[in-house]
1. Can you tell me, using C-alpha contacts under 8 Å and at least 6 residues apart, the relative contact order of segment 118-217 as a whole percent?
2. Based solely on its DSSP helices, what 222 nm [θ] is calculated for the chain when runs of n ≥ 4 H residues each add -39,500 (n - 2.57) and the sum is averaged over all residues, nearest 500 deg cm²/dmol?
3. Using alpha-carbon pairs under 8 Å, 6+ residues apart, how would you state the relative contact order of the chain in percent?
4. For helix 149-162, what angle does its Cα long axis make with the longest principal axis of the chain, in degrees from 0 to 90 and rounded to 10?
5. Rounded to the nearest 0.05, what FRET efficiency is calculated for Arg280 and Tyr144 with R0 set to 41 Å and r the Cβ-Cβ distance?
6. Note the direction-averaged projected area, equal to a quarter of the hull surface, for the Cα convex hull of the chain, in nm².
7. Take every Cα pair under 8 Å in segment 132-287 that's 6+ residues apart, average their separations, divide by the length, and report that relative contact order as a whole percent.
8. Quick one: Karplus J couplings for segment 69-74, per residue in order, coefficients 6.51, -1.76, 1.60, θ = phi - 60°, nearest Hz, x for Gly and Pro?
Amino acid sequence: MSAAEPPQGANSSPSEGSAAAEWVNGAASAGAPIAAEPIIRVRDLAVGYEDVTLLEHVAFDVRRGEIFVILGGSGSGKSTLMKHMIGLYEPEKGSVVIDGDDIVSAAGDARRAILRKIGVMYQSGALFGSLTLAENVRLPLEEYTDLESDEIELIARMKLSLVGLGLFTGHLPAAISGGMQKRAAIARAMALDPMILFLDEPSAGLDPITSADLDTLIKRLARNLGVTFVVVTHELASIFAIADRVIMLDRRKKGIVAEGDPRRLRDESDDPWVRQFFRREPEPMAT
Ligand SMILES: Nc1ncnc2c1ncn2[C@@H]1O[C@H](COP(=O)(O)OP(=O)(O)OP(=O)(O)O)[C@@H](O)[C@H]1O
Ligand SMILES: [Mg+2]
């Protein structure tokens, strides 16, 4: 396995300072068009742990340039699905084709080539607490490229500027707010210019305003750089703010129970459970 989990590190700290929000406002969405051609094709995927199958017959496409959201209740398998999509775990069955190559069956250099196309921010994944932001972003560049040290430094600074942290490159994670840490983690995930960024619960633990700023950043990166996003979240406000399309997982049905535009699902789904989720209504009592 070469997709190593990043370490646990510094977590949230005091709330966002206003000086750090400069990147949000200048962001115009130029609107790179979303292509119909899928960049990820998941087919007949079955995933689980040991002898428990969590999800089966999972099939969906992620289109190039879209923000694709995976949602579902706690324990429905969102993180598990994401970890299988990035090749961290081997599925019981099925394929995950990324930009034409199946990550499930790829090995060696072929696998490494696929991993170069993706960037990941794990649900638990934070920054290395003992390294500065720039040093954190340098890590994947040092591991995956032959670039000179000063070139790596330049790229690390560029990536941090891209997420509005150009003035904080020498800071340790503990010295910046939780929202800034998330942005730094996104900068690290983008170090190798991935085609696809996977973010697991990026706004967990953030206040609503910081979370909305993060949504703005994600949209800006998707629209301006053409990066495809696969985002796990259950924050309704985020879903409506960023998602081009969603899939919804249900543990009881062991699979996808809804797929499409979240607004249409909220207004038009035949499934009362799905409509309720999007309207934040309580689940009816089992009878
Ligand atoms: N490494 C593991 N080994 C065994 N079981 C696991 C492992 N990771 C997760 N599980 C179990 O699989 C189920 C799905 O977990 P998963 O983390 O994918 O859910 P989730 O939808 O991401 O939930 P949350 O919203 O709480 O993050 C849970 O019952 C969990 O306990
Ligand atoms: Mg999870």
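Nothing in this text is a laboratory measurement; each read-out follows from the coordinates by a stated rule. Since the structure is predicted, the reported quantities are computational estimates derived from the model, not experimental observations. Don't worry about glycine lacking a Cβ; one is built from the backbone with ideal geometry, like all the others, and counts go over all protein chains shown.
1. 42 percent
2. Estimated from H runs of four or more residues: -10000 deg cm²/dmol.
3. Normalised by residue count, the contact order of the chain is 26 percent.
4. The answer is roughly 60 degrees.
5. After rounding, the FRET efficiency stands at 0.50.
6. Value for the chain: 15.8 nm².
7. This gives 15 percent for segment 132-287.
8. Residue by residue, segment 69-74 yields 10, 9, 9, x, x, 5 Hz.
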